[in-house]
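All remarks here apply to the structure that follows.
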Amino acid sequence: MKKSVLLGILGLAAVAATSSYGQGYILMSNYASGATLLSYGANVPANGISGAIGSGALSSAWTVGLYFVGGTPSITDPAGTNIPLGPLALGTGNGSTVVIGAGNANGTPGYYDSTPFFNAGVASGSTITAEIVAYPTADLSYAAAGYRGHSAPFTIVTVPVTSTAPNLTGLNMPGTLLVGQVAAVPEPTTLALAGLGGLASLVALRRKQA
């Protein structure tokens, strides 16, 4: 009885290991020769909330994440501050976010280098389409950030978790990622009041002309 239970446990472990090795991973990293560092614009605080206004490489106050989808759908979404377009979806879990300059990036501004691989949920050797995003860590998420930026979409091929040559996002991302300020969207009540004000002005003008 004990022997059969032990064999069952070992069998499950073997299945889990095989399943893990068959899955596709990427590495959230631009800390490599030739990779573009991430920067902030002239009107953005260095830490995304306050501090010195200027431009330069992102500091350790910023977090990098990604939106992605399996496959290579045609997506026209130039780099900017909007939420990445569908079918791209927020990546979550181990290795999906990393703080600028943390870990293996050795505190270098503008560079990130995650320790765990990110499991893209597809088979090893598959291609995914992704966008890298950056936002102030204090804002907790890209969607909630007042200053943020995302790259243009790019493709990257996944590798096994056992690979000694991980595929880095920073060597696949096109162009640059420049963080900017998110444009304020007027509240519906503000738009309504503005419309009423304009209507009242038009009525008054017509009365005056009459």
>> Can you report the number of residues in region 117-158 which are within 10 Å of the chain's Cα centre (by Cα) and crowded, with 19+ Cβ neighbours inside 10 Å?
In response: 11
>> Taking the conditions exactly as written (aliphatic (A, V, I, L, M) and at pLDDT below 95), does Ala16 satisfy them or not?
In response: yes
> Considering only region 159-199, how many residues are within 22 Å of the chain's Cα centre (by Cα), at pLDDT 85 or above and of a type in the set (Val, Ile, Thr)?
Replying inline: 6
> Among the residues of region 50-72, is there at least one that is touching a helix residue (DSSP H, G or I) at 6+ places or on another chain (Cβ under 9 Å), among the β-branched types (Val, Ile, Thr), in contact (Cβ under 8 Å) with a residue 40 or more places away in the chain and farther than 22 Å from Pro116 by Cβ?
Replying inline: no
> Considering Gly180, Gly80, Gly95, which residue is closer than 11 Å to Leu66 by Cβ and in contact (Cβ under 8 Å) with a residue 40 or more places away in the chain?
Replying inline: Gly95
> What are the residues in region 139-171 that are closer than 30 Å to Ala46 by Cα and without any contact (Cβ under 8 Å) to a residue 60 or more places away in the chain, if any?
Replying inline: Leu140, Ser141, Ala144, Phe154
> Tell me, which residue of region 55-74 that is surrounded by 17 or more Cβ atoms within 10 Å (Cβ to Cβ) and of a type in the set (Val, Ile, Thr) is farthest from Gly146 (Cα to Cα)?
Replying inline: Val69
> Filter region 37-51 for residues that are among the hydrophobic types (A, V, I, L, M, F, W, C) and either touching an Asp or Glu at 6+ places or on another chain (Cβ under 7 Å) or in a loop (DSSP other than H, G, I, E, B) (or both); which is surrounded by the fewest Cβ atoms within 10 Å (Cβ to Cβ)?
Replying inline: Ile49
> Among the candidates Asn82, Asn104, which residue alone is touching a His at 6+ places or on another chain (Cβ under 8 Å) and either surrounded by fewer than 19 Cβ atoms within 10 Å (Cβ to Cβ) or in a loop (DSSP other than H, G, I, E, B) (or both)?
Replying inline: Asn82
> Any residue at all in region 75-91 that is at pLDDT 95 or above and hydroxyl-bearing (Ser, Thr, Tyr)?
Replying inline: yes
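The values are calculated or read from the model by the stated rules, or taken from the named source; none is laboratory data. Quick caveat: nothing in here was measured; it's all calculated off a predicted structure. FYI the Cβ positions are ideal-geometry reconstructions off the backbone, even for glycines, and counts take in every protein chain you see.
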